[in-house]
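Working notes, beginning with the structure itself.
The values are calculated or read from the model by the stated rules, or taken from the named source; none is laboratory data. These numbers come from a predicted model, not from an experiment. Counting neighbours? That spans all protein chains shown, and the Cβs are built from the backbone with ideal geometry, glycine included. All accessible areas refer to the heavy atoms of the entire protein, side chains included, with ligands and DNA or RNA removed. Shrake-Rupley method; radii C 1.70, N 1.55, O 1.52, S 1.80 Å.
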Amino acid sequence: MFFRIMSAVMFSVAGGIAGISFSEHLKSNLDFCRNIHEMLMNTAVIIRCRADDVYSISVELKKNNQFRRFTFLQAIPEKYNPEENFREIWINAVKSQKNLPDDARSLLCDFGTILGQSDIEGQLVSMEALTENAVILEKKHSEIYLQKGKLYRSIGMLFGIMIGIIII
């Protein structure tokens, strides 16, 4: 009987942990969206105030600890090389980071294609549009987290308890 009770408790805990894990994945997606919004705002400031090129922006983004979760930034070049296409490198690097949500990946690819594509004013207008999209994306993932995060935690615990009761 003792082993049945212990296994019931273990399944209950495992169910709770699984639910929390799924909920944390949703929170991670929300955090990525918040970081993208911050990245867009910081880049707009860099372009507006210093009129930096894409390589200087790349260096600044890499130095900022706030964006350390964006591992794709490490693959972005810091110096001009005539044999490389910055936009292709950016897009390939973004696509190589697997833990990004698809809609955030798409937004980051759009961001990479805008950088250095036009004059300062053109870039700022494009950045403003992307920032609006980032805000919408952030709200969407916030709503998903608020709705499904609690659901995942509750269902995980309930399934764990249910299996524990069946074992007893």
**Asked** Does the range 118-139 contain any residue that is in contact (Cβ under 8 Å) with a residue 12 or more places away in the chain and either touching a Cys at 6+ places or on another chain (Cβ under 6 Å) or more than 30 Å from N85 (Cα to Cα) (or both)?
**Response** yes
**Prompt:** Residue check, C33 against (1) in contact with a His (Cβ under 6 Å, 6 or more places away or on another chain); (2) over 23 Å from E143 (Cα atoms), all met but one. Which one?
**Reply:** (2)
**Request:** Could you please let me know if F3 is in a helix (DSSP H, G or I) and touching a helix residue (DSSP H, G or I) at 6+ places or on another chain (Cβ under 8 Å)?
**Result:** no
**Residue in the range 42-55 that is least open to solvent (accessible area, probe 1.4 Å), counting only those that are out of contact with any helix residue (DSSP H, G or I) (no Cβ under 7 Å at 6 or more places or on another chain) and among the hydrophobic types (A, V, I, L, M, F, W, C)** = V45
**Item:** Qualifying position, being in contact (Cβ under 8 Å) with a residue 24 or more places away in the chain and crowded, with 18+ Cβ neighbours inside 10 Å, among S58, S12
**Value:** S12
**Message:** So, E138, is that one closer than 26 Å to K27 by Cα and of a type in the set (D, E) or not?
**Reply:** yes
**Request:** Please find, among L107, L73, L115, the residue that is more than 30 Å from E24 (Cβ to Cβ) and hydrophobic (A, V, I, L, M, F, W, C).
**Result:** L115
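One line per residue, one yes/no per condition, for (1) at pLDDT below 90; (2) under 27 Å from E121 (Cβ atoms); (3) surrounded by 19 or more Cβ atoms within 10 Å (Cβ to Cβ):
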{"site": "M6", "(1), (2), (3)": "yes, no, no"}
{"site": "I20", "(1), (2), (3)": "no, no, no"}
{"site": "F32", "(1), (2), (3)": "no, no, yes"}
{"site": "L40", "(1), (2), (3)": "no, yes, yes"}
{"site": "Q66", "(1), (2), (3)": "no, yes, no"}
{"site": "F70", "(1), (2), (3)": "no, yes, yes"}
{"site": "E78", "(1), (2), (3)": "yes, yes, no"}
{"site": "P82", "(1), (2), (3)": "yes, yes, no"}
{"site": "K95", "(1), (2), (3)": "no, no, no"}
**Prompt:** Residues D102, D119, D53: which one is within 19 Å of C33 (Cβ to Cβ) and not aliphatic (A, V, I, L, M)?
**Reply:** D102
**Request:** Take the range 106-123 and flag every residue that is exposed (fewer than 14 other Cβ atoms within 10 Å of the Cβ), part of a helix (DSSP H, G or I) and not charged (D, E, K, R).
**Result:** I120, G122
**Prompt:** When the residues of the range 14-50 are filtered to those that are β-branched (V, I, T) and closer than 29 Å to L115 by Cα, which remaining residue is nearest to the chain's Cα centre (by Cα)?
**Reply:** I36
